[in-house]
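Since the structure comes first, as structure tokens, the remarks are kept for the end.
The values are calculated or read from the model by the stated rules, or taken from the named source; none is laboratory data. In this text, all values refer to a predicted model and were calculated from it rather than measured experimentally. A quick note on method: Cβ atoms are made from the backbone with ideal geometry, for glycine too, and the neighbour counts reach across all protein chains shown. With ligands, DNA and RNA removed, areas are computed over all heavy atoms of the protein, side chains included. Shrake-Rupley method; radii C 1.70, N 1.55, O 1.52, S 1.80 Å.
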Amino acid sequence: MITIGTTATYLERPVRSHVELCDPDAVCEFLESTYGARLHLSLKGVARRRDKPLLTHTRTDAGPFAIDQVQIPAN
């Protein structure tokens, strides 16, 4: 026989954050503070468009885990 407990586990609603950055220095600072690593990014060959950000970062934090989505322009 299997006994099923009656204790309910409380799960928080996921929290979503979204950041769009257009300044190359701000992109580097954001990635370093978010992931704790220094990254060297080069804009060589990337056609910058004023209507598109250099970095779009979306994070869905579900408590025990988080899902990050990072978009950067590329050729």
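Output the number of residues of the range 23-42 satisfying the condition of being farther than 16 Å from Thr58 by Cβ and either open to solvent by less than 100 Å² (accessible area, probe 1.4 Å) or in a helix (DSSP H, G or I) (or both). Full working, then the answer.
Taking the range 23-42 as the starting set, the residues that turn out to be farther than 16 Å from Thr58 by Cβ are 23-26, 28-29, 32-33, 36-42.
Then drop every residue that is not either open to solvent by less than 100 Å² (accessible area, probe 1.4 Å) or in a helix (DSSP H, G or I) (or both), which leaves 23-26, 28-29, 32-33, 36-37, 39, 41-42.
So the answer is 13.
Of the residues that sit in the range 42-75 and are at pLDDT below 75 and charged (D, E, K, R), which one is farthest from the chain's Cα centre (by Cα)? Walk me through how you get there before you give the answer.
Going residue by residue through the range 42-75, those that are at pLDDT below 75 are 42-51, 74-75.
Still in the list and also charged (D, E, K, R): 44, 48-51.
Details: Lys44: 23, Arg48: 21, Arg49: 21, Arg50: 22, Asp51: 20 Å.
Here the answer is Lys44.
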query = Which pairs have Cβ atoms under 8 Å, sit 6 or more apart or on different chains, and link a residue in the range 1-27 that is at pLDDT 90 or above and of a type in the set (Lys, Arg) to one that is surrounded by 10 or more Cβ atoms within 10 Å (Cβ to Cβ) and part of a strand (DSSP E or B)?
reply = Arg16/Thr58; Arg16/Arg59; Arg16/Thr60; Arg16/Asp61
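Considering only the range 30-41, state which residues are modelled with pLDDT under 85 and either among the charged types (D, E, K, R) or within 11 Å of Val19 (Cβ to Cβ) (or both). Steps first, please.
Step one: list which residues in the range 30-41 are modelled with pLDDT under 85, which gives 37-41.
Matches in the range 30-41: Arg38 only.
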